[in-house]
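For reference, the structure is listed below as structure tokens.
We did not get these values from a lab; they are worked out from the coordinates using the rules stated. Values in this document were obtained by computation on a predicted structure and should not be read as measured data. Heads up, the Cβs are rebuilt from the backbone with ideal geometry, glycines too, and the neighbour counts pull from every protein chain shown.
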């Protein structure tokens, strides 16, 4: 598999540290509000990465954190007159409502920053002891210029990064580029005891601590949105590699931004939507479909029209899968395994191996759907249909799609009417058959006659 590595700016062949195993760290949400549609993209994209690697036989250790102590949580708690842990607990619960709705699987571990304070303090102490960090006024800062490779992920020369930095006249930092590892406690804020006084961790150090604790000092893949490259991921690299003396992550994957009606999503523009808001109108699965319908590194555009297109595409997938089940009930035994199954499976694999190209992978699935519909129409046997169903379920499962299939049951009266109509058609009593069809339609049941028999669906 080839992965576009932000660190090298090229597609690199993926070689795991340990054969057959993959260690992935994905930056999770800061839990002070509902997740927005921008948050949904890394959730869905890297869920697909994990699913694909597991489908290919890897054992994946997938860690995704919750940032449960932060300025934003403190502000929210103060606004609502509740504690920071109460804010975090509420929005972690709401996160799972949306994550489950999007069919995002739970990570191997979902650590919280507040559960890893001891590890955070240990790493900071290590950095202070090595001269990479210093205490100033109760805060602890990392000396960015002490790390010779600072800027290697964002590919910006240090002088450019420095030119963009801002420092207040009363700032206690040694250098504008230095970033905070530990924040001294302010009145009314949550705090923990430390060698530098009461305080709380900075954002960047939290992820270094949690990645190291649950995955080891060097991990295979670190992933997140483009907006995290600098300063968050750049700082993670600096503090982790200075503390541990080894490479932090071999591969860095970053997903592109989401535009709304071709404009950058922002609260100031009034085009900022939570996943919950969109799902209430259109459902969760069209959102997931949108998030994986384009190659993950490029931007995607969110609009009502695109969501509707996604709903229509999903309907094609559901119809195909339902058609297989219906055909199986009426199919003869036997049947050959079509050659196109292996062809489309390989097309799917080729796409995913090329830097997780889900757009081309979806195209392979829809070509598969076309050929499955063709063999169904030709009266395929049971073995053929079972093989089609198995591959369809595998490929859509890797992308996390077609997860809302429902088995609809009819009451005995409706079933009797359908049977009566089938008998009337057999006897060429089309007037009776039409009358029953109209009666069923009035009850919300649509009848569809196919070469394989009569189908129905609720309308």
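Side notes on the structure shown:
- Kirkwood hydrodynamic radius (C-alpha pairs) into Stokes-Einstein, segment 2-255, 20 °C and 1.002 mPa s, D in µm²/s: 113 µm²/s
- Value in Å of the Kirkwood radius, where segment 304-399 supplies the Cα pairs that are averaged: 13.8 Å
- Fraction of beta bridges assigned by DSSP in segment 2-255 that are antiparallel (%, nearest 5): 45 percent
- Share, in percent, of DSSP beta bridges within segment 1-143 that are antiparallel, nearest 5: 45 percent
- Each 10 Å bin from zero holds the following percent of Cα-Cα pairs in segment 110-235: 12, 41, 37, 10, 0.
- For segment 7-147, the mean projected area of the C-alpha convex hull, equal to one quarter of the hull surface, is 11.7 nm².
- Peptides 23-32, 95-104 ranked from most to least packed by the mean count of surrounding Cβ atoms within 10 Å: 23-32, 95-104.
- The chain: angle of helix 430-442 to the longest principal axis, Cα-based, in degrees nearest 10: 30 degrees
- Compared with the dominant Cα axis of the chain, that is its longest principal axis, helix 339-353 is turned about 20°.
- Tilt relative to the chain, helix 358-377 - C-alpha long axis, 0 to 90 degrees, to 10: 10 degrees
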